[in-house]
Amino acid sequence: MKLFTVGPVEMFPDTLKMNAEQTPYFRTPEFSEIMLENEVLLKESVCAPKNAKVVFLTASGTAAMEAAVINCFTPDDKLLVIQGGRFGKRFGDICRIHKIPFDEVTLSFGETLTKERLAPYRKNDYKGLLVNIHETSTGQLYDINMLSEFCRENKMYLIVDAIGAYGADEINFETQNIDVLIVSSQKALALSPGASMIVVSERLYRERVVLIQSGSFYLDFKQHIDNLKRGQTPFTPAVGIFLTLNQRLKQMRQIGMEEIRKDMHSLACRFRQEVVRLGFLVPEYPLSNALTPIAADPHAERLYQKLKEEYGMIVTPSGGELRKILVRVGHLGNVKWDDYEELLTAIDQVKHGF
Ligand SMILES: *Cc1c(COP(=O)(O)O)cnc(C)c1O
């Protein structure tokens with residue numbers, strides 16, 4: 001079985017080895033030291049300044065999205081949400097359930113987010129922008145510099161769900177003026193699912209987080225940030241995942257984030273060329289390096305099934321209205337060009353049965 005998914009993904013040998021080990025007790029100076037190092041390494045990996053805060057949550061990415069919204073905003077604020085797929089829609093659902101007013105920039109499938117689409121939302125006293133910078137349901141990578149400029153001009157906090165982009169696309173917390181950045185364990189980090197990391201700017205922490213009653217016990221940032229001063233979390237963390245995170249962050253630092261991104265970019269480009277050569281369409285909007293969406297209308301579901309059943313290759317199926325239209329091939333984790341050559345051969349063979 002080979003995973004060409006976007007999370008969980010094929011893990012690296014060091015992670016697999018660590019995952020087989022006994023989980024240690026965690027209220028110890030040794031574990032605190034690892035968590036404090038995780039904080040430093042994570043911030044470094046996204047070019048966040050030393051005074052940025054980090055929250056380590058034991059929860060999937062959606063909890064981190066919800067936590068970001070409720071710790072930074074209240075029903076007295078108004079937000080703008082980029083809604084270009086399932087994850088954008090999720091931000092809207094989170095605002096709705098917490099009664100935080102919002103407007104959506106809704107993109108139809110295939111549409112690129114442009115400055116023109118944003119223009120009508122200028123000067124609207126929004127407090128913040130919520131965006132999944134790589135909308136993983138379609139593969140579209142939004143222009144972070146354009147969004148960052150929009151937020152600066154309109155005095156909005158910039159909340160970036162980078163779960164699908166971290167380790168795949170360029171992220172610079174400092175120069176891109178990001179206020180909240182969300183990362184999760186099961187995507188490019190290639191760890192077990194269940195842990196999420198949130199980087200919070202000092203400015204947002206001081207101006208909003210410390211003043212706001214989040215209304216949640218488990219997800220309250222203040223408690224997490226206070227505990228992390230001593231390298232601890234308020235509740236039992238996913239100890240095993242945070243240990244593998246430490247190993248993986250060190251490994252990524254050694255290779256270099258830029259190098260990892262470039263390698264993934266060339267692999268993705270090469271794969272896309274071959275997919276087009278096989279007669280498939282790849283959408284024209286800007287793409288993340290994390291995955292290649294393949295338009296296989298109306299055979300997408302069948303393509304996914306056949307690859308799984310006959311070849312043991314798992315690509316990422318789509319949900320909802322894209323179910324029959326799109327499959328997504330991930331480029332995250334321990335996958336090499338050889339694996340993609342095998343996948344391309346399999347795709348070609350399956351295609352002949354359509
Ligand atoms: C994977 C992903 C999430 C996380 O979803 P969970 O299932 O809760 O882990 C959130 N946002 C984006 C953009 C993602 O790609």
Task: Extreme residue, positive dipole direction of region 43-163, given options Ala48, Ile144, Val105 (C-beta unit charges) - done: Ala48
Task: Rg [Å, one decimal], Dmax [Å, integer] - region 157-279, C-alpha atoms - done: 17.4, 56
Open item on the list: At a threshold of 8 angstrom on Cα-Cα distance, excluding pairs fewer than six apart, so keeping six or more, what relative contact order does the chain reach in percent?
Closed with: 25
Task: region 195-262: chymotrypsin sites (Phe, Trp or Tyr not before Pro) in DSSP loop, at most 12 other beta carbons within 10 Å - done: Phe217, Phe235
Task: Contact order relative to length of region 32-142, as percent, for alpha carbon pairs under 8 angstrom and 6 or more apart - done: 26
- [ ] Skip the ligands, DNA and RNA, and give the accessible area per residue of the chain with a 1.4 Å probe, whole Å².
- [x] 44
Open item on the list: Using the basic label-point model (7 angstrom from Cα toward the beta carbon), what is the Ile97 to Arg270 distance in nanometres?
Closed with: 4.2
Task: Computed lengthening from Glu258 to Tyr25, 0.36 nm per intervening residue step minus Cα-Cα distance - done: 80.4 nm
Open item on the list: Run the reach check for Lys222 against aspartates and glutamates, Cα to Cα strictly under 14 Å, same-chain hits fewer than 8 apart removed. What comes back?
Closed with: Glu202, Glu207
Open item on the list: Suppose every Lys and Arg Cβ carries +1 and every Asp and Glu Cβ carries -1, with no other charges. What dipole size does region 224-280 come out with about its Cα centre, to the nearest 20 debye?
Closed with: 60
- [ ] Provide the three semi-axes, in whole Å and in decreasing order, of the ellipsoid equivalent to region 65-112 as defined by the square roots of 5 times the Cα gyration tensor eigenvalues.
- [x] 21, 10, 8
Open item on the list: Compute the orientation-averaged projected area for region 235-354 from the convex hull of its Cα atoms and round it to one decimal in nm².
Closed with: 9.7
TODO: Using a 1.4 Å probe over the heavy atoms of the protein chains, calculate the carbon and sulfur portion of the accessible area of the chain as a whole percent.
DONE: 51
TODO: With label points built 7 Å along Cα→Cβ from the Cα atoms of Phe217 and Glu174, find their separation and express it in nm.
DONE: 4.0
Open item on the list: Give me the dipole magnitude in Debye, nearest 20, for the chain about the Cα centre, with unit charges on the beta carbon: positive for Lys and Arg, negative for Asp and Glu.
Closed with: 500
Task: Label-to-label distance, nm, for residues given as Arg302 and Leu344 (7 Å Cα→Cβ offset) - done: 2.4
Open item on the list: Strictly over 21 Å apart at the Cα level, which of Lys89/Lys127; Lys89/Lys155; Lys127/Lys187 would you flag in this model?
Closed with: Lys89/Lys155; Lys127/Lys187
Open item on the list: Along its three principal axes, how long is the chain when you only count alpha carbons? Whole Å, largest extent first please.
Closed with: 60, 54, 33
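The values are calculated or read from the model by the stated rules, or taken from the named source; none is laboratory data. All of these numbers come straight from a predicted model, not from anything done at the bench. As a convention, Cβ positions derive from the backbone with ideal geometry for all residues, glycine included, and neighbour counts pool all protein chains shown. Ligands, DNA and RNA are stripped out before the accessible areas are found, and what is left, the full protein with its side chains, is counted by its heavy atoms. Shrake-Rupley method; radii C 1.70, N 1.55, O 1.52, S 1.80 Å.
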